[in-house]
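Beneath this line is the structure, given in structure tokens, with notes to follow.
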Amino acid sequence: RQGIGEPSVYHAVVVIFLEFFAWGLLTTPMLTVLHQTFPHHTFLMNGLIHGVKGLLSFLSAPLIGALSDVWGRKSFLLLTVFFTCAPIPLMKISPWWYFAVISMSGVFAVTFSVIFAYVADITQEHERSTAYGLVSATFAASLVTSPAIGAYLSQAYGDTLVVVLASGVALLDIGFILLAVPESLPEEMRPVSWGAPISWEQADPFASLRKVGQDSTVLLICITVFLSYLPEAGQYSSFFLYLRQVIGFSSETVAAFIGVVGILSILAQTVVLGILMRSIGNKNTILLGLGFQILQLAWYGFGSQPWMMWAAGAVAAMSSITFPAISAMVSRNADPDQQGVVQGMITGIRGLCNGLGPALYGFVFYLFHVELNEMAEVETLGKASKPNMANPTDESSIIPGPPFLFGACSVLLSLLVALFIPEHNLALRSGSHKKHSNGAQAHAHSPQAGGLDGKEPLLEDSSV
């Protein structure tokens, strides 16, 4: 094998950590560059950029997943990480090219899809919940310190050093994949040549969605993912700015907030999630996570004091168990040679949300007259003075965060849909994925298929 040692979960963990650590460093510089490049309607432009990226991710994820099922994971890990991190050095070279390449990088911004399939290749069913929890916790860990480090270096030495450091971390990740990551897909599951035909029907995202609609269980799961992740994606795009501009957090306090919530998320997705999956089951864990998410978003929407944001952040950490439990239900029912397609489908839905969520939040903030042009004022005002709440008749004094309340309603609908997901959905394995068994599957004969039928719930997560 190429790489160091046998393929393991730790290879996947390092790849994820380095990629998102690099992007975490850019949290503060990116906000500055975004405002400087688009001084007017900044939230709307941010939504448009992420909208294009999300749409392209949605279109490409099933194809990349299907190709990795046939040709192996390593080459596609290299491809996705390279193109996802390609925009980083352009931040200081040309901001316009930076945002343009970010939009176009959506074609390959599906690293989690390939990582999940990589982990599925090398773990048994009873081990996978722990493995996916580790990947999920690693993502959270990569964001615990990197925004704070990036903010400190930006303030002390300027944005250029931060961009150089982030570019170096991204190159380190690419080098690690090239030199250290072994291929996880067994040789006998790959075709003899790279010219082997692929089922384009399997790679078509809309065909996949149409097939999803033919199975009620898959349809319910996908609707649950869409309705719960749509507000989460929008929240990621605007929440740090919201803390500074509406609540009055300083840059240092925002960095501390990210760190504390990240640590709590790690604990939730490792210790708490494992206990819940064993004690109350897969479906009840999903419902509990959605309940925490509703509470978190409602608290963000109505909260107007810093302590409320800290309390809601603790609830947000508990809500991070939702998607791992949902992914567990999906992956449990996927055949070994279909893991890439399944994860590509789910990642595609989340990619679509990554486009729609920021655009939706940006539009709602715009309707309520929250813009970045007040950012300079916020830096000079005391914490007790909140520019958007100065006028007691202003609607923002009643509802400081309207998009978060909209998100809470969306997650409430998700919770109602999740109630109808069957507890034992064996039809998903015997029915839905049989429909996908053409093209690529003809070249992906799995020697493990017979040994993995008695599967327990597993766990996986993507917080991107």
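Amide H neighbours of Ser184 under 5 Å, at least 5 residues apart or on other chains, H built in the peptide plane: list them.
Those lying under 5 Å, H to H, from Ser184 are Arg73, Lys74.
On the accessible surface of segment 1-186, probed at 1.4 Å, how many percent belong to carbon and sulfur atoms?
Numbers: 5020 of 6860 Å².
For segment 1-186, the apolar C and S fraction of the accessible surface comes to 73 percent.
Between Glu252 and His40, 0.36 nm times their residue separation minus their Cα-Cα distance comes to what?
Going from the current span to full extension adds 73.7 nm.
Once the piece of chain linking Gln305 and Arg278 is laid out straight, how much longer is it, given 0.36 nm per residue of separation minus the C-alpha distance between them? Intermediate results must be reported in sequence, preceding the final value.
On the way: separation 27, 0.36 × 27 = 9.72 nm, distance 3.70 nm.
Extending this stretch completely gives an extra 6.0 nm.
For Cα pairs less than 8 Å apart in space and 6+ apart in sequence, what is the mean separation divided by the residue count of segment 1-186, i.e. the relative contact order in percent?
The normalised contact order for segment 1-186 reaches 48 percent.
With θ set to phi - 60° and the Karplus curve 6.51 cos²θ - 1.76 cosθ + 1.60, what are the ³J(HN,Hα) couplings of segment 20-30 in order, to the nearest whole Hz, using x for Gly and Pro?
Here the 3J(HN,Hα) series is 7, 5, 4, 6, x, 4, 8, 4, 6, x, 5 Hz.
Between Leu367 and Glu6, with labels modelled 7 Å along Cα→Cβ, what's the label distance in nm to one decimal, could you check?
Taking the two extended label points, one gets 5.6 nm.
Where a ≥ b ≥ c are the square roots of the eigenvalues of the C-alpha gyration tensor, would you call segment 99-170 rounded, which needs a/c under 1.5, or, failing that, prolate if a/b is larger than b/c, or oblate?
On the way: a/c = 3.77, a/b = 1.76, b/c = 2.14.
Verdict is oblate for segment 99-170.
Give me a comma-separated list of calculated 3J(HN,Hα) values for segment 144-159, in order, Karplus coefficients 6.51, -1.76, 1.60 applied at θ = phi - 60°, integers in Hz, x for any Gly or Pro.
Values per residue, Gly and Pro as x: 5, 10, 4, x, 5, 4, x, 5, 5, 5, 5, 6, 7, 10, x, 5 Hz.
Using a 1.4 angstrom probe, figure out how much accessible area segment 1-186 has per residue, in square angstrom, rounded to the nearest whole. The partial results should precede the final answer.
Values: 6860 Å² over 186 residues.
That works out to 37 Å² per residue.
At a 1.4 Å probe radius, which order do Lys53, Lys92 fall into by accessible area, largest first? Working shown, then result.
Numbers: Lys53 50, Lys92 95 Å².
Of Lys53, Lys92, the descending order of accessible area is Lys92, Lys53.
Convert each backbone phi in segment 217-234 into a coupling constant with the Karplus relation 6.51 cos²θ - 1.76 cosθ + 1.60 (shift: θ = phi - 60°), then list the ³J(HN,Hα) values in order as whole Hz, x for Gly and Pro.
Running phi through 6.51 cos²θ - 1.76 cosθ + 1.60 with θ = phi - 60° gives 5, 4, 4, 5, 5, 5, 5, 4, 4, 5, 5, 8, 8, 4, x, 5, 5, x Hz.
The values are calculated or read from the model by the stated rules, or taken from the named source; none is laboratory data. In this text the structure is predicted, and so the values were computed from the model without any measurement. Please note: Cβ atoms are built from the backbone with ideal geometry, for glycine as well, and neighbour counts cover all protein chains shown. Quick note on the areas: whole protein, heavy atoms, side chains included, nothing else; ligands and nucleic acids left out. Shrake-Rupley method; radii C 1.70, N 1.55, O 1.52, S 1.80 Å.
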